[in-house]
Amino acid sequence: MPADWLIENEKDGTLLVLIPEGEFLAGDEKFKVRLPGYYLALHPVTNAQYARFLSDRRPNDSDLDKWIGLGEYCFVRKCATGYEPYGGKEGHPVVQVSWFGAEAYCAWAGLRLPSELEWEKGARGVEGREYPWGNDWEDGRRCRNSQNRGNETRCGVWGYPEGCAPYGAYQMSGNVWEWCADWYDGDAYRRYKQGDLRPPESGASRVVRGGSWGNGDPGDFRGADRYGNEPTNRSSLVGIRCARTLV
């Protein structure tokens, strides 16, 4: 391992793992894509991290409503000093965050959202695994999903270590869907297969990847699976994973 394979982001404490430059197998057809090196967060952004961001930024009511829904499933709330996590969920992934709220957090932290190709390489490794841990679903026991959560919803971001991806990232399948930077385009992977890696320039929705605590179909947790979600949507199923450009 190179000396800088794991780094800590100073602003928010996010741990990021190095995804080295090189080819990987992408999409259902497992075609070769070459990406530059980059860093990907080891786990989704937590309630504690997002509360710190809000306390620092002090958004007005309009921005707050645009970024996050402080509702039933969101364990971040206003307090006398700004915002705080509560309910013993400090280390659970923040949810009910829109794509705009994800972008705002990343900008504050000096990070960014991953492209969906970056997300996929982080989830599947170079050999195009079906799931982060391998090619078999194994009854979903390696990730948080609707079949094994009991009466709970999300779990802590260090849960299910047996389901880690090849580079060490936690919960690339399950717990929460994760926003990517890209607009969703159903034809994007056809272009990528032809060598045109430019992301879509526009669209009606943004890419989310990975499956969540509310899903039970094994297909939703596959590394190649991709969905579009309206960027204004603040869902209890969707969270954030950050990335950082390698400089």
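Only the coordinates and a few stated rules stand behind these numbers; no lab work does. Note that this is a predicted model, so its numbers are computed, not measured. Methodologically, a virtual Cβ is constructed for each residue, glycine included, from the backbone with ideal geometry; neighbour enumeration extends over all protein chains shown.
In terms of modelled amide H atoms, which long-range or inter-chain residues lie less than 5 Å from the amide H of GLY216?
Distant-sequence amide H within range of GLY216: SER146.
Can you tell me the orientation of helix 99-109 relative to the chain, as the angle in degrees between its alpha-carbon axis and the longest Cα principal axis, to the nearest 10?
Compared with the principal axis, the helix lies near 80 degrees.
Using only alpha carbon pairs under 8 Å that are at least six residues apart, calculate the relative contact order of the chain and give it in whole percent.
In percent, rounded to a whole number, it is 25.
Given a Förster distance of 30 angstrom, what is the FRET efficiency for ALA80 paired with GLU8, based on the Cβ-Cβ distance and rounded to 0.05?
The calculated FRET efficiency here is 0.55.
Contour minus end-to-end for GLU90 and SER205, with contour as 0.36 nm per residue of separation and end-to-end as the Cα-Cα distance?
Using 0.36 nm per residue and subtracting the Cα-Cα distance, I get 38.5 nm.
What spacing in nm lies between the two simple spin-label points modelled at ARG58 and ASP196, each 7 Å away from Cα in the Cβ direction?
4.8 nm
Treating the beta-carbon of each Lys and Arg as +1 and of each Asp and Glu as -1, no other charges, what is the dipole magnitude of segment 46-106 about its Cα centre, to the nearest 20 debye?
Dipole about the Cα centre, nearest 20: 120 debye.
Which Rg and Dmax, in Å, describe the Cα atoms of segment 89-187?
According to the Cα coordinates of segment 89-187, Rg and Dmax are 14.2, 39 Å.
Among ALA169, ASN151, TYR189, whose Cα projects farthest towards the positive end of the dipole of segment 114-219, with charges put on the beta-carbon of Lys, Arg (+1) and Asp, Glu (-1)?
Farthest along the dipole direction, towards plus: ASN151.
Ranked highest first by the average count of other Cβ atoms within 10 Å around their residues, in what order do 168-178, 203-213, 221-231 fall?
168-178, 203-213, 221-231
Any idea what the relative contact order of segment 43-166 is, in percent, if you count C-alpha pairs under 8 Å spaced at least 6 apart?
26 percent
Any idea what the alpha-carbon Rg over 2.2 N^0.38 Å comes to for segment 81-122?
In units of the 2.2 N^0.38 Å rule of thumb, it is 1.43.
Given H placed 1.01 Å from N in the peptide plane, which residues other than close sequence neighbours of SER236 have an amide H under 5 Å from its amide H?
GLN96
For ALA181, what residues show an amide H to amide H distance below 5 Å, using hydrogens built from the backbone and excluding near sequence neighbours?
Those lying under 5 Å, H to H, from ALA181 are SER115, GLU116.
May I ask which residue of LEU16, PRO36, VAL95 lies farthest towards the positive end of the charge dipole of segment 1-95, with charges of +1 (Lys, Arg) and -1 (Asp, Glu) on Cβ and the Cα centre as origin?
With unit charges placed on the Cβ atoms, the residue in question is VAL95.
Nearest 5 percent is fine: what portion of the DSSP beta bridges confined to the chain is antiparallel?
Among the beta bridges of the chain, antiparallel pairing accounts for roughly 95 percent.
Might you report the magnitude of the Cβ-based charge dipole of the chain about its Cα centre, with Lys and Arg at +1 and Asp and Glu at -1, to the nearest 20 debye?
Value, rounded to 20: 220 debye.
How big is segment 1-92 in terms of Cα radius of gyration and Dmax, in angstroms?
Considering segment 1-92 through its Cα atoms, Rg and Dmax are 17.8, 53 Å.
Over segment 175-236, what is the relative contact order in whole percent, taking alpha-carbon pairs under 8 Å and six or more residues apart?
37 percent
Could you order the peptides 151-160, 80-89 from most to least packed, using the average number of other C-beta atoms within 10 Å per residue?
For the peptides 151-160, 80-89, the packing ranking is 151-160, 80-89.
Straight-line reach from LYS66: which lysines have a Cα under 19 Å away, not including same-chain ones fewer than 8 places off?
Hits, sequence-local ones excluded: LYS78.
At what distance in nm do the modelled label points of GLU29 and GLU138 sit from each other, each positioned 7 Å from its Cα along Cα→Cβ?
For the pair GLU29/GLU138, the computed spacing is 3.1 nm.
For VAL126, put the label point 7 Å out on the Cα→Cβ axis and report which residues of segment 1-37 keep their amide N under 19 Å from it.
1-6, 17-27, 30-37, by backbone N distance to the label point.
Can you list, bin by bin at 10 Å, the percent of alpha carbon pairs in the chain, starting at 0?
Reading the bins upward from 0: 8, 34, 38, 18, 3, 0.
Obtain the nm distance between the two label points defined at GLU162 and TYR227 by a simple spin-label model: each point lies 7 Å from its Cα along the Cα-to-C-beta direction.
With each label placed 7 Å out from Cα toward Cβ, I get 2.5 nm.
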